[in-house]
Amino acid sequence: MNQAMEIRIETPKHGGNVDPLRIRISGTVFPGANTGAPRRLVAALGDAVVGETCLFTTRSSGDGGLAFDLLGMADAVFGRDDLAIEFRLELADGTRVDGPRVPVKFRAFDHRRQDFGHILLPRHTDVLHREHIYASGPPTAEPSPECVRLLHRYLGPAPQRVLDIGCGIGAYASPITEAGHTWHGVEVVPDHARVLESCGLPHTLTSGERLPFGDGEWDCAVAIEVLEHAADPDAFLAEAARVAPRLLVSVPNIEVLPYLHRWQVVPWHLLEADHKNFFTRWSLAAALRKHFARAEVLTYGEMHLRTPEGDPLHLHLFAIAEQ
């Protein structure tokens with residue numbers, strides 16, 4: 001054993017609190033006068049290797065030290081406070097130098113139990129792609145009662161010819177027809193159109209931005225949670241204005257984000273990966289007023305959370321636009 005070589009561990013500190021999943025280790029090797037060059041540094045808990053490195057860099061201090069950093073991991077040690085990380089250095093000539101033992105306290109909480117915790121397992125070596133992290137849910141089969149009340153209120157007296165743009169699987173067909181209006185759905189997703197067909201709901205499957213209807217053919221158009229998905233929202237609204245003099249729109253309300261941040265809430269739906277457009281009441285009204293003479297915006301969908309001052313927060317914007 002070569003005692004002329006010194007290994008100094010800077011992190012973790014003696015008795016330090018350590019996350020077993022992210023054991024950050026750094027230090028310096030000071031070679032002896034007549035020793036071989038370091039080849040590999042190993043950190044271990046008994047016989048279990050928690051990390052190793054073969055990278056050593058010359059310190060800028062000019063003291064001859066060789067710095068190292070590595071990120072280790074240990075399993076089945078959560079909550080243990082009776083263990084010490086042991087270090088050993090293997091030299092280029094095959095010599096092994098034993099380094100210090102650093103007692104540490106391992107944290108008890110295992111973050112692998114959380115959402116996405118599987119990505120903290122070393123056996124998962126596949127590169128994750130967008131579809132592994134984000135997913136859009138299926139189209140809603142049940143209408144929002146609050147949205148239905150707003151539709152009934154602002155559609156006007158029956159009968160109205162109503163075009164439901166981006167209708168999904170027809171969640172709002174029944175409440176609109178039950179109020180005495182004529183409903184027709186428009187979809188771009190073939191699977192949704194097949195469901196509409198099986199339910200006997202009148203619909204048109206289209207693949208382009210231009211709606212296959214004449215100017216002013218409908219009394220009112222509705223777009224419930226659709227505009228945030230549109231690749232070109234301005235073109236979408238222009239087409240809606242062409243085929244109907246009135247438009248009722250519902251979109252997620254991005255204005256609640258600063259309020260949710262105060263509660264450390266993760267707004268999954270508001271920031272869904274398939275959402276291309278994010279609206280405040282002002283941006284939605286401005287977009288609508290490019291194509292309609294008047295647009296007013298309301299909110300609905302009260303959350304269970306309130307502001308710290310007790311004011312309600314609403315997840316959706318509802319706009320009424322008229323030519």
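Kirkwood Rh over Cα pairs of the range 6-125 into Stokes-Einstein at 25 °C, 0.890 mPa s: D in µm²/s?
161
Ranked by Cβ crowding within 10 angstrom, fewest neighbours first, how are Cys220, Cys199, Cys167 ordered?
Fewest to most other Cβ atoms nearby, the residues stand as Cys199, Cys220, Cys167.
Show that you can apply the helix-only estimate: for the chain, add -39,500 (n - 2.57) for every DSSP H stretch of four or more residues, divide by all residues, and state [θ] at 222 nm to the nearest 500.
-4500 deg cm²/dmol
With viscosity set to 0.692 mPa s at 37 °C, what whole-number translational diffusion coefficient in µm²/s follows for the range 3-71 from Stokes-Einstein and a Kirkwood radius over Cα pairs?
Roughly 252 µm²/s, to the nearest whole number.
On the first, second and third principal axes, largest extent first, how far apart are the outermost C-alpha atoms of the chain in Å?
96, 45, 38
Which aspartates and glutamates does Lys13 reach when only Cα atoms under 19 Å apart count, and residues fewer than 8 places away in its own chain are ignored?
Those aspartates and glutamates meeting the cut-off are Glu52, Asp69, Asp81, Asp82, Glu86, Asp98.
Using the basic label-point model (7 angstrom from Cα toward the beta carbon), what is the His14 to Thr95 distance in nanometres?
2.6
Where a Cα-Cα gap under 25 Å defines reach, which lysines qualify for Lys276, not counting those fewer than 8 residues away within the same chain?
The qualifying lysines are Lys290.
Taking the Cβ of each residue in His118, His111 as the centre, tally the other Cβ atoms inside 10 Å and list the residues starting with the fewest.
His118, His111
Listing Ser144, Ser207, Ser174 from the residue with the fewest other Cβ atoms within 10 Å to the one with the most, what is the order?
If I rank by nearby Cβ atoms, fewest first, I get Ser207, Ser174, Ser144.
Readers should treat all values here as calculations from the given coordinates under stated rules, not as data from a laboratory. Note that the structure is predicted; figures quoted are calculated from it, not measured. With ideal geometry, Cβ positions are generated from the backbone for all residues, glycine too; neighbour counts draw on all protein chains shown.
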